[in-house]
Every structure is written in C-alpha cells, then in structure tokens.
Amino acid sequence: MLFVENMVFYSNVARCDLQNIYDGLLQWQTQNGQVYMDYLAVVNYHAAGTHLNKPPILCFFARVKNNYFCMKKRKKKKSATLKTKRRNTFVLLAAIAVGLIVGPVLYFYVELYHPNVNGEGGYFYIRTGSTKEDVVAALENSGLINNMSTMQSAIERLEYGKKVYAGRFQLTPDMGNKQIVRILASNMQAIVELKITSVRKPERFAGLLSRQIEIDSVTMLSALKNEELASQYGFNAATFMSMFLPDTYQVYWNISLTDFVNKMHKAWAAYWQRDNHEEKLKALKMTKIQAVTLASIVNAETAQVDEMTDIAGVYINRLRAGMRLQADPTVKFAVGEGVVERRILTAYTRKKHPYNTYLIYGLPPGPINLPEPHHIDAVLNYHHHDYLFFCAKDDFSGYHAFAKTYQQHLVNARKYQAALNKRGIFK
C-alpha cells in the first residue's frame, strides 16, 4: 500500500527514475506473490529510453493502484464468504443436534399431553364387554378425538386394555391423550342424572330408561313383565312399574339391571318411611299399591297441584260409599291412547276392560300411569270434604267444578259440554 502510494507520489514529478520504479515493482511482486507482467512491461518499455509523459505514468499507476485494491477486496470477500459458510454449517449442525434432542421430546409431549379433544368435548361411552379394539374403534367413530394417530400411540405406550371398563366418560377440550387413557383405565366415570318422569305404559318407561343408561328397552320391558322378578319385591306384572318412583337418581351409565331394580326398591321403601306415610296409609285402609293406583288416576285427572287433594278426596269418598269411581282416565286407558281426545263418549264407557271404572267397582288392578311422589302425597293427605262429583270447568282453565249431588254435577257437566260444542270439539 505504501509503495503504491509512493509510486503515485513519484508520478507527480516531471522526471522520475524509471529504473527505481521497475526495481520496486519487482520487489513488490516478490513480496506479495502477485504477477503483473503487463504493468512491468510498460515500465520496462519506458526505462529503455522511450520518453514517458506524465499522463501515461498517472494512468499506469492508477491502474496498478486500482488493481491492488480490487485484489484486496476480492481477498476480503473470499474470507467473508468462507466465514459465512462456516457459520451456516455450524448453525445447520446445531439445528440438527437440537432437532435430534427436541424432536422426540416434542413428539412425546404431543402424543401424551397436547389437548386432543375435538370442539367442546362430550361424553364417550364404552359398552359392557368391549375390548381394547372396540374402544379404539369407538373413539374414532365418536368424533371426539382430533388426532387418532397420537391417540393410538398413547394407548399402546400406556399399555391400556389390560382391563376395559364399561361406562360413560366425560372428555373435555383441555384433555391430552394421557389424561384420556388414565380416565378410561381408572374407570373414572361421569355420573348420570337419571330422570324418571311420569309415563303411561311400561313400553314408554323402558324407552325412557334406555335413552339414559345402557340397559336397552327390550331388556327393561321384559323385566317389568317378569312375574317372578316382580314377586321378589312384593309386586306383580300389573303393579311392578309403580315401584319405580319418578325422581332424579344418580347412577352410572353401565348400571346392571339387578343393581338398578335394587336401587329403585330402596327408593320406594325410603318414600314410605318418611313423613308418616305408613301411618297415613293405615288410616286410609289402603295398601301401598292401592294408594299408588289412586294417585295415578289423580295424576291423569289434573295438572293443577292445588286441587289434587280435592280430587283425591272425591274418589276416596266414592270408594267408601261403594260407588263406582267412573274415572274418565281409566276409560282412556281401556280404550287406548289416541282414541279419546277430549270427550268421553258413552260407547267408550261401555267397553269391557278390567281398568274401566265405569263398569268395575273399586280400583283398577294397577296404576294407569307412573305417578310422581307428590301425586301419592295428595292421596295420603287428601282433602276431607263431602264432594262426590267433579267435571272440568267450562273456561278450560284446567281446574274442575265440584258437586255434592248428581243434579248439581249435571249442571256443571252440561256447561262444559256446551263449551266443547261451541269450540267444535265433538270427540
């Protein structure tokens, strides 16, 4: 660098020693290992005696200087490229090393801990007798799992399937595969709030249960009609359903038929042991089945809770007087659901049927529906009065007009019949 600058300095002199410049270039060539024969040839040409003016000298030295700096820049660029390559290689190797370490850890995390429940989650059901393969297939078909590949890997890694528990399991959106498998393997079931409501016939009762627990409707219906099973609990096929008091019960989804029937019998027994129900039943001189049968009629007669005890009182008065109950709901039960809409025709009251209280005396053989506890309460706590008749009010409020005599009852009945005619209701 200094030598070149010195040469530029020399070029500013009108006359310079070309031999010295030539020798200097040779020395610079030797020290730097560079060959610039074209430049040396120019100097040698002028040193031989050719007159060298200032402009060629300036041009020559400018050329030497520029080439020198270009050479230095090329060296720096090559050096920087080499460093960049080395740095990139190091980064790549480091990334591979990190990948080899983090990759399995990340996959392990995704496989076991990353949330894998679709949407808002839901309940997953495993039927009694299922195998591990059945559970895997059920998980895939449930639509609850986002990634079945990692789910299956977790099932294998955690060795699920040594014992498969049936039941209803709640899967929430935050659950990973490990937690899902742990819930299934530990039988951590979600409780079912089993709701038994008032229904009319055993077929509907069986269907109501099958929609909430694993017991299918065919199995339940068969049990309700099983005389031998009913007798074990003090009932017969006509009255067995009355033992299943409407209420909300906490059960496991896969509860067995035996356990379910036993649970219902305990609830039945518990009802009669509270609020002096046994003593009130004795005062009525009724059996439990008779009280429930009468409660089923009250249930069918009105939805107005505040008049249930009045209606119960009418039927108790008629029973004690030796009168037929002549309860319209029993006619509907005898004729068949859907046949009678609003009006009880005379032809219906003449249908021979053991439940038709227009023809039989006393109570029918069993309940005409499944009454709720408050219907039974209305019978046990019936209103003491002298009414023997009642019919629906003509304002269609759902309430009834009560009468002590048949003549007054006819007046009330004709008002209601006229209201039906006015509305075009003839059957």
With the checklist (1) over 20 Å from Gln179 (Cα atoms); (2) modelled with pLDDT under 90 in hand, flag the one item Val110 doesn't pass. (1)
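Scan segment 191-207 residue by residue and report those that are more than 15 Å from Ser242 (Cα to Cα) and in contact with a helix residue (DSSP H, G or I) (Cβ under 9 Å, 6 or more places away or on another chain).
Leu194, Lys195, Gly207
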Being exposed (fewer than 15 other Cβ atoms within 10 Å of the Cβ), of a type in the set (D, E, K, R) and without any contact (Cβ under 8 Å) to a residue 60 or more places away in the chain is the requirement here; does Lys352 meet it? yes
Members of segment 212-263 that are out of contact with any strand residue (DSSP E or B) (no Cβ under 9 Å at 6 or more places or on another chain), in a helix (DSSP H, G or I) and among the aromatic types (Phe, Trp, Tyr): Phe240
Does any residue in segment 270-287 that is closer than 18 Å to Tyr249 by Cα come within less than 7 Å, Cβ to Cβ, of a residue that is of a type outside the set (Lys, Arg) six or more places away or on a different chain, and which pairs are these? Tyr271/Leu245; Tyr271/His277; Tyr271/Pro373; Trp272/Glu278
For the list (1) loosely packed, with under 12 Cβ neighbours inside 10 Å; (2) at pLDDT 90 or above; (3) of a type outside the set (Phe, Trp, Tyr), I need the number of the one condition that Thr346 fails. (2)
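To keep it simple, each residue is scored yes or no on (1) closer than 30 Å to Val335 by Cβ; (2) surrounded by 19 or more Cβ atoms within 10 Å (Cβ to Cβ); (3) touching a residue at least 24 places away in the same chain (Cβ under 8 Å).
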site	(1), (2), (3)
Gln170	no, no, yes
Val181	no, yes, yes
Met188	no, no, no
Ser210	yes, no, no
Leu224	yes, yes, no
Thr248	no, no, yes
Asn254	no, yes, yes
Within segment 137-151, work out how many residues are surrounded by 17 or more Cβ atoms within 10 Å (Cβ to Cβ) and out of contact with any strand residue (DSSP E or B) (no Cβ under 6 Å at 6 or more places or on another chain). 2
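In this structure, does Asn317 turn out to be surrounded by fewer than 17 Cβ atoms within 10 Å (Cβ to Cβ), of a type in the set (S, T, N, Q) and out of contact with any strand residue (DSSP E or B) (no Cβ under 6 Å at 6 or more places or on another chain)?
It is false that Asn317 is surrounded by fewer than 17 Cβ atoms within 10 Å (Cβ to Cβ), of a type in the set (S, T, N, Q) and out of contact with any strand residue (DSSP E or B) (no Cβ under 6 Å at 6 or more places or on another chain).
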Can you pull out the residues in segment 162-207 that are on the phi > 0 side of the Ramachandran plot and small (Gly, Ala, Ser)? Gly167
Can you find even one residue in segment 294-302 that is crowded, with 16+ Cβ neighbours inside 10 Å, in contact with a His (Cβ under 9 Å, 6 or more places away or on another chain) and not in a helix (DSSP H, G or I)? yes
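Results for (1) over 30 Å from Tyr123 (Cα atoms); (2) of a type in the set (D, E, K, R), shown as yes or no for each residue.
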| residue | (1), (2) |
| --- | --- |
| Val199 | no, no |
| Glu214 | no, yes |
| Thr219 | no, no |
| Gly234 | yes, no |
| Asp259 | no, yes |
| His277 | yes, no |
Can you list residue pairs whose Cβ atoms sit under 8 Å apart, with the first residue in segment 393-408 being charged (D, E, K, R) and the second being surrounded by fewer than 17 Cβ atoms within 10 Å (Cβ to Cβ) and part of a loop (DSSP other than H, G, I, E, B)? Count only pairs 6 or more apart in sequence or on different chains. Lys393/Tyr399; Lys404/Asp386
Of the conditions (1) under 26 Å from His400 (Cβ atoms); (2) of a type in the set (Lys, Arg); (3) in contact with a helix residue (DSSP H, G or I) (Cβ under 9 Å, 6 or more places away or on another chain), Lys352 clears all except one; give me its number. (1)
By residue number, the members of segment 191-204 that are surrounded by 15 or more Cβ atoms within 10 Å (Cβ to Cβ) and either touching a strand residue (DSSP E or B) at 6+ places or on another chain (Cβ under 7 Å) or at pLDDT 95 or above (or both) are Val192, Leu194, Ile196, Arg200
Give me the residue from segment 229-238 that is closer than 27 Å to Trp253 by Cβ and without any contact (Cβ under 8 Å) to a residue 12 or more places away in the chain and, out of that set, surrounded by the fewest Cβ atoms within 10 Å (Cβ to Cβ). Gln232
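The values are calculated or read from the model by the stated rules, or taken from the named source; none is laboratory data. The model shown is predicted, which means the values in this text are computed figures rather than measured ones. Counting neighbours? That spans all protein chains shown, and the Cβs are built from the backbone with ideal geometry, glycine included.
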